[in-house]
Each structure stands twice: as structure tokens, then as C-alpha cells.
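Undergrad: A single structure is presented below for examination.
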Amino acid sequence: MGIVIRRKCNTCGLEKPTSELVPSKKYHGGYMPMCKPCRNEYWRKRRSENPDASQRHRDAVRRSQILSSYGLGAGDYERMVQEQENRCKLCGSGDTGRQTSRFHYWNIDHCHKTGNVRGLLCHVCNITLGKFEALELRIGRARILDYLDKAGDVVNAPPPQHASPHS
């Protein structure tokens, strides 16, 4: 049988085997100086004292992602929201198109060739524009517009009359 290494938990003061400690590369020896039950209790207490802490953390992560992914400064996203009057830049809707609180942000539309940010879009416009751009790369804008022009006659035409099976 192997040797069991024991370490002292700085929170409860008990010596515990490393299997009961929290692994972490940040700490000397590869373990936090805190056992798993103490860590769980710490986070349970912290979450009950700060119920909105996880939302603030998600917001901070989102701001960081915006900054690094799109080259926007700290207040650029909020400035864009104000400039667009909290509306989609394409369709003008005031709804982000996201139904869950987890995704209540506007989508940052950007040119995939240049990386330039064009504006903030609702979810529907962002998805639709992305699909249009992909199709445009495949077949070209002129062909898409030509198709829509020709299809306009079909779309505006009355529905076809089906022959009755009894006639």
C-alpha cells in the first residue's frame, strides 16, 4: 500500500489526507491549504451572503470577452447600447431576442474579414445575417438578390388551386 500524505487544513485546523484536500496547481504541493468540506462551506456561505455575485462575475467575464474578442474598450459596449437607444441596429427591435436571463446581451456584429465592429444586433438578426453572409460567400450577392426578385412574383401570387379529388 502507498504512503498517504497528510496536510493541515488552514480553516478547520485538522490534518487530512490529500484526497480530502482541494487540488490546485497554484499552491505549493499541488493542493489548496483547505479541505473540501471547508471549501464547500465557504462557497455556500459566500453565495448566500452575495446572491448576485455570480451575475456580477458573469458580467465581468462578458466584459472581458468583449474587450479581447472585438477590441472594444471597457465602456464601448455600454456606449453602443446608448447610441443605438437599446435597439437592434438592423431591425430596430428593443428585444435582444434572448429569452433566458443568461443571454440578455446584444450580439456584437462584426466583419469577419476586417474584424471591425458594425453594431449591436438582436439574436434573430445576428443569426440571419450570419447565414446570409455564408450563403453570399457560396453563391454571391447578385444571385441571392436575383432569386428574391424573381421569387417575389411567386410569393405575392395567390395560393395554387388544388383539384378536388372528387372532380
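The values are calculated or read from the model by the stated rules, or taken from the named source; none is laboratory data. All values reported here derive from a predicted model rather than from experimental measurement. Reconstructed Cβ throughout: ideal geometry from the backbone, glycine too, with neighbour counts over all protein chains shown.
Undergrad: Here's a check for you: in the range 93-123, which residue that is modelled with pLDDT under 85 and touching a Lys or Arg at 6+ places or on another chain (Cβ under 9 Å) is nearest to residue 67 (Cα to Cα)?
TA: Checked the range 93-123; the qualifying residue nearest to residue 67 (Cα to Cα) is 105.
Undergrad: Given the condition in contact (Cβ under 8 Å) with a residue 40 or more places away in the chain, hydroxyl-bearing (Ser, Thr, Tyr) and in the same structural domain as residue 127 (by TED's automatic domain parsing), answer yes or no: does some residue in the range 80-100 qualify?
TA: No, every residue in the range 80-100 fails to be in contact (Cβ under 8 Å) with a residue 40 or more places away in the chain, hydroxyl-bearing (Ser, Thr, Tyr) and in the same structural domain as residue 127 (by TED's automatic domain parsing).
Undergrad: Considering the range 56-86 alone, what residues qualify as being touching a helix residue (DSSP H, G or I) at 6+ places or on another chain (Cβ under 6 Å), among the aliphatic types (A, V, I, L, M) and in a helix (DSSP H, G or I)?
TA: Passing the criteria: only 66.
Undergrad: Please go through the range 67-80 and give me each residue that is farther than 11 Å from residue 117 by Cα and under 17 Å from the mean Cα position of the chain (by Cα), ordered by number.
TA: Of everything in the range 67-80, those that are farther than 11 Å from residue 117 by Cα and under 17 Å from the mean Cα position of the chain (by Cα) turn out to be 67, 68, 78.
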